[in-house]
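Read the structure below first, then the notes.
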Amino acid sequence: MLTMTTAALAVAPPRILAENWMRQFQDWLCHRLEAADGSGKRFQEDAWQHVGGGGGATRVLQNGTVLEKGGVAFSAVWGQMSEAAARALLMPDPNYFATGVSVVQHPGSPLVPISHMNVRYFETDNGDAWFGGGLDLTPIYVDEAQARWFHEQIQAVCQRHDTSYYPHFKRWADEYFFLPHRQETRGIGGIFFDRLTVGKDGSFEELFAFVQDVGEVYGRTYGTIMRQNACLPYTERQKQWQLVRRGRYAEFNLAIDRGTKFGLETGGRTESILMSLPPQAEWHYNFPIEPGSPEDATQQWLRKGVNWV
């Protein structure tokens with residue numbers, strides 16, 4: 001996994017360090033996902049410019065062996081946000097720089113979970129700077145053993161940095177990845193953290209190291225799950241349930257997700273922002289779920305506060 005050297009940390013400005021690592025991380029992650037997909041297809045890149053300054057590169061792999069639609073988007077943008085957006089983000093200075101990588105993978109098989117990961121660095125002209133991010137898993141059918149393994153890997157990474165991180169950020173994920181209108185979590189959660197402030201919550205070097213490890217554990221764990229589940233047989237009923245669950249995923253991203261709202265409110269590129277949406281989804285009126293069915297079993301797991309480790 002790519003990490004910044006001590007020498008680089010000593011001489012380069014934080015925003016340059018963060019941007020350079022995000023670019024390299026995008027490359028590293030795309031290679032890992034391509035290998036796990038196994039189709040020989042590559043992520044296709046679409047470069048774009050931001051209206052204020054900077055830009056990014058959105059990479060998408062479609063119709064692979066495992067991934068029906070996978071996206072890995074890098075951005076490094078700056079400018080002045082609107083007064084309303086700055087107020088919503090509690091920013092006394094509306095002049096900002098932001099860089100990050102946002103990832104959403106939609107597999108073709110209903111037995112390979114949807115996954116999401118995001119890491120980002122933000123700073124304003126008054127000197128405030130912070131990191132944010134997280135990762136979570138949305139199985140169409142919850143495999144309890146796999147869910148526990150996923151959380152164990154995340155917990156181990158968090159423990160290396162701060163023993164309070166996993167329980168705090170896991171609760172935060174439960175609260176954040178939640179559809180209040182459905183009264184259900186988006187999936188089995190993971191971790192979510194926002195505004196880990198440089199100075200208050202740790203040095204730049206300490207927080208940056210944690211964010212890099214979050215990226216690494218995502219690439220490693222999700223690649224493993226892709227390989228484990230890719231060849232499992234599934235039925236037409238399971239495929240239909242996947243489309244229903246994808247609809248719930250779309251509801252969250254369009255109605256609740258802060259990153260989507262921030263991107264649209266700051267003049268971001270719409271096609272890249274909505275990359276996270278599934279290629280197909282369905283909404284049924286009162287979709288029937290039989291008590292005791294596999295679909296019912298998954299619904300029972302979609303709640304806050306599950307102790308996975």
With +1 on each Lys and Arg Cβ and -1 on each Asp and Glu Cβ, and nothing else charged, work out how big the dipole of the chain is about its Cα centre, in Debye to the nearest 20.
380 debye
Quick one: length gained pulling ARG182 to ASP27 fully straight, 0.36 nm per residue minus the C-alpha distance?
52.1 nm
Can you compute the equivalent ellipsoid semi-axes for segment 175-309, i.e. the square root of 5 times each eigenvalue of the Cα gyration tensor, sorted largest first and rounded to whole Å?
30, 20, 16
Taking only Cα atoms of segment 66-169, the Rg to Rh ratio with Kirkwood Rh works out at 1.07
Heavy-atom accessible area per residue of the chain, all protein chains kept, 1.4 Å probe, expressed in Å², is 44 Å²
For every other residue with a beta carbon closer than 13 angstrom to the beta carbon of LEU17, add +1 if it is Lys or Arg and -1 if Asp or Glu, then tell me the sum.
-1
How large are Rg and Dmax for the chain when only the alpha carbon atoms are used, in Å?
19.0, 61
For segment 297-309, take each phi angle, set θ = phi - 60°, evaluate the Karplus expression 6.51 cos²θ - 1.76 cosθ + 1.60, and give the result in whole Hz per residue in order, putting x for glycine and proline.
4, 5, 4, 5, 7, 7, 8, 6, x, 5, 8, 7, 10
P(r), alpha carbons of segment 232-309 - 5 Å bins starting at zero, rounded %:
3, 12, 18, 19, 17, 14, 10, 5, 2, 0
Ordered by residue, what ³J(HN,Hα) values in Hz, to whole numbers, does segment 282-291 give under the Karplus form 6.51 cos²θ - 1.76 cosθ + 1.60, where θ = phi - 60° and Gly and Pro are x?
9, 10, 10, 7, 6, 4, x, 10, 6, x
Cα→Cβ-extended label distance, 7 Å offset, between ALA47 and ALA12, nm
1.8 nm
Please get the size of the charge dipole for segment 50-147, origin at its Cα centre, with Cβ charges of +1 on Lys and Arg and -1 on Asp and Glu, quoted in debye to the nearest 20.
280 debye
Farthest toward positive dipole pole in the chain [+1 Lys/Arg, -1 Asp/Glu at C-beta], among ALA145, VAL51, ASN253
ALA145
Using a cut-off of 15 Å between beta-carbons, work out the net charge of the residues near VAL306 (Lys and Arg +1, Asp and Glu -1, VAL306 not included).
-1
Selection from GLN26, PRO13, ILE188 lying farthest towards where the dipole of the chain points positive, charges on Cβ
ILE188
If packing is taken as the average count of other Cβ atoms within 10 Å, what order do 86-96, 260-270, 188-198, 126-136 fall into, highest mean first?
188-198, 126-136, 260-270, 86-96
Which ³J(HN,Hα) values, rounded to whole Hz and listed in residue order, are derived for segment 130-146 from phi using the Karplus coefficients 6.51, -1.76 and 1.60 in 6.51 cos²θ - 1.76 cosθ + 1.60 with θ = phi - 60°, glycine and proline given as x?
7, 10, x, x, x, 8, 8, 10, 10, x, 6, 10, 6, 9, 4, 4, 5
How much length is gained on full extension from THR235 to GLU83, taking 0.36 nm per residue of separation minus their Cα-Cα distance?
49.6 nm
Relative contact order as a percentage, the chain, C-alpha pairs under 8 Å and 6+ apart, gives 17 percent
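Cα gyration tensor of segment 143-225, axes a ≥ b ≥ c as square roots of the eigenvalues: rounded (a/c below 1.5), prolate (a/b > b/c) or oblate?
Oblate, because a/c is 1.5 or more while a/b does not exceed b/c.
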Taking only the alpha-carbon atoms of segment 217-268, what semi-axes of the equivalent ellipsoid follow from 5 times the gyration tensor eigenvalues under a square root, in whole Å, largest first?
29, 19, 7
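The values are calculated or read from the model by the stated rules, or taken from the named source; none is laboratory data. None of the values given here were measured: they were computed from a predicted structure. Cβ atoms come from the backbone with ideal geometry, glycine included; neighbour counts cover every protein chain shown. With ligands, DNA and RNA removed, areas are computed over all heavy atoms of the protein, side chains included. Shrake-Rupley method; radii C 1.70, N 1.55, O 1.52, S 1.80 Å.
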